[in-house]
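Only the coordinates and a few stated rules stand behind these numbers; no lab work does. Only a predicted model underlies this, so the values are computations on that prediction, with no experimental measurement involved. In this analysis, Cβ positions are derived from the backbone assuming ideal geometry, glycine residues included, and neighbour counts consider all displayed protein chains.
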Amino acid sequence: MGWRIMQQTQQVLLPDGKLVLFQYSLQNKRLFERFFRLLDDTYVLLNIPPAHVLVYTPEDNVTADAKATGAAQNNSAKVPA
């Protein structure tokens, strides 16, 4: 069922659109990455319970810049000031 939701979301999301997901586990991350490219993965400790905020873009909308800086540098836990 989840793949149908992702498929429908992929069809209606504009090319320059962003999909922002709030997740309490990363159990479905592989499913999301079948349809979208990960731009940012932030772990918000101040949320109760703590949550991952995942930002995705359509697969064909990733620039060389986004690939170079990528989500790798954004995988640390962030706490607002």
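Observations, loosely collected:
- For region 1-60, trypsin sites (Lys or Arg not before Pro) are listed when DSSP marks them as loop and at most 14 other Cβ atoms sit within 10 Å of their Cβ; the list is Lys18.
- Spin-label pair Asn28/Thr42, simplified geometry with 7 Å Cα→Cβ offset, distance in nm: 2.1
- If you take all other residues with their beta carbon under 10 Å from the beta carbon of Leu54, and give Lys and Arg +1 and Asp and Glu -1, the sum is -2.
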